[in-house]
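Read through the structure below, which is laid out as structure tokens, and then see the notes.
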Amino acid sequence: MTQKSKMGVVQLTVLTFINMAGSGIIMLPSKLAQVGSISIISWLVTAIGSMSLAYVFAKCGRFSKRPGGMNGYASYAFGDSGAFMAGWTYGLSLLIANIAIAITSVGYAQAFFEVSLTPIQTCIATIGVLWLCTAANFGGAKVTGQIGTFTVWGVILPVCSLGIIGWFWFSPEMYVNSWNPHSLPFGEAVSASIAMTLWAFLGLESACANSDSVENPEKNVPIAVLGGTLIAAVVYIVSTNICAGIVENGALAASTAPFSLVWQVMLGSWAGKAVAGLAVIACTGSLLGWQFTIASVFKSSADEGFFPEVFSEIDQRGTPVKGMIIITVIQTVLSLMTISPTLNEQFESLVNLAVVTNVVPYILCMAAIFIMQKFAHVDKKEMSKTNFIAVVAAVYSFYALYGSGYEAMMWGSIVTFFGWTMYGFIAYKHEDVEAEEVR
């Protein structure tokens, strides 16, 4: 690629923001309202933690010479077992997160069609959305990618514009009254919404994927990743907190389509319906891309010998159809297992579990950056700076695990340790056991 055709730092910053912005934000006003507008503290903590994570991932992308993304990063410190665990937990996280995206689509569809679904009906609709998006991917990745690039604006436009014009309807008194409606202790209130705020930033690890297409990547990639993450943080913080000053706390907390409700209060039912329709389109488009991404992640791990060979199989279009079907069957079972009295409760339980499983590879990669820099012969001053930021990111990651709650940590621990058991069955392919015995 010629220098002229490469992206500048501004272009990459905008691209990073667009890649991060998406369906993760549009249920959060309801979930954060259950804690109160005190959750703005959680946003600030998560903004610092997410920018730290994003910065270190940008460095990982520059220094790593191994394929496989986070799998390759983790292998520097933990070998093949660490690579397996990163792929295992990351794959599970995406698998779970996509169910939450499907539930979000169903929630906004209820607002658009003005219907109210029972828990069973919500579950059936969620499963239907998952299978629809899976089947749509059978034709290959090209069309899916084009759809996702277009539909993401169905979230970005109403959310970003709310941060500009929403102030005309913003009530400081309503915002203050919603500060801590359940009188939770400060530490408990902040921790209660940490996992939800991190949910909006999941995917930040892919922000540096375009480093080969950037001018002066060593300098510009970290700047763009930090800039894009900061823009996302500002948009997230402003938009969710404006909601708390426009809609009464109880109504916002109970809504299955919070941004639709806010626009309805501001401009009338037509605006609420329009935003709900855009959100359904955006979630479906996002889910199309993420369902294909999960299959690709599983395929990559299978190609490395970590996952069953069936996930490596592709059809004449290069699509891992069998893997997609197996993944969607698992998602169907998980959807049935997590049926809750309300859509919001099911969404929360899935998000917390998705965050727990996603944070595991984050922690592995934050630890691996230390040795990765030594292999890359990084300047000591630069190494010390990156190591400090990695420690900040790791501390935040552990706090996010704590904030995810007992149940999510319990199930997350079970599936993580189950992964170690699974690795035991394939370790002979990856560990030089005979050499160890001779030594």
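The values are calculated or read from the model by the stated rules, or taken from the named source; none is laboratory data. Predicted, not measured: the structure shown is a model, and the values here were computed from it. So basically every Cβ, Gly included, is an ideal-geometry build from the backbone, and we count neighbours across all protein chains shown. Ligands, DNA and RNA are excluded from the accessible area calculation, which covers all protein heavy atoms including side chains. Shrake-Rupley method; radii C 1.70, N 1.55, O 1.52, S 1.80 Å.
At-a-glance table
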read-out: Prolate/oblate/rounded call for segment 314-439, Cα gyration tensor, a/c under 1.5 rounded; value: oblate
read-out: Cβ-Cβ FRET estimate between M422 and K374, R0 fixed at 22 Å, reported to 0.05; value: 0.10
read-out: Whole-Hz ³J(HN,Hα) from phi, Karplus 6.51 cos²θ - 1.76 cosθ + 1.60, for segment 88-97, glycine and proline x; value: 4, 6, 5, x, 5, 4, 5, 4, 6, 4
read-out: Pair A271, S413: separation of 7 Å Cα→Cβ label points (nm); value: 4.8 nm
read-out: Ellipsoid semi-axes in whole angstrom, largest first, where each is sqrt(5λ) of the Cα gyration tensor of segment 188-300; value: 31, 19, 15
read-out: ³J(HN,Hα), Karplus 6.51/-1.76/1.60, whole Hz, each residue of segment 277-283, x for Gly, Pro; value: x, 4, 5, 4, 4, 5, 5
read-out: 16 Å reach of a label modelled at E218, 7 Å along Cα-to-Cβ, counting backbone N of segment 380-417; value: 380-386
read-out: By average C-beta atoms within 10 angstrom, highest first, the peptides 169-176, 386-393; value: 386-393, 169-176
read-out: Percent accessible area from carbon and sulfur atoms, the chain, protein chains only, probe 1.4 Å; value: 67 percent
read-out: Derived scalar couplings ³J(HN,Hα) [segment 263-269; Karplus, 6.51 cos²θ - 1.76 cosθ + 1.60; whole Hz; x for Gly, Pro]; value: 5, 5, 5, 6, 10, x, 5
read-out: Cα-based Rg and Dmax for segment 2-117, where Dmax is the largest Cα-Cα distance (Å); value: 18.7, 55
read-out: Sorted peptide list for 259-271, 373-385, criterion being average Cβ within 10 angstrom, highest first; value: 259-271, 373-385
read-out: Sequence ranges 238-245, 69-76, ranked by mean other-Cβ count within 10 angstrom, highest first; value: 69-76, 238-245
read-out: Structure-derived volume of the Cα convex hull per residue in Å³ - corresponding label in (i) 122; (ii) 153; (iii) 137; value: (ii)
read-out: Hydrodynamic radius by Kirkwood, which averages 1/r over all alpha carbon pairs of segment 234-377, in angstrom; value: 19.0 Å
read-out: Solvent-accessible area per residue, Å², over the chain with all protein chains present [probe radius 1.4 Å]; value: 43 Å²
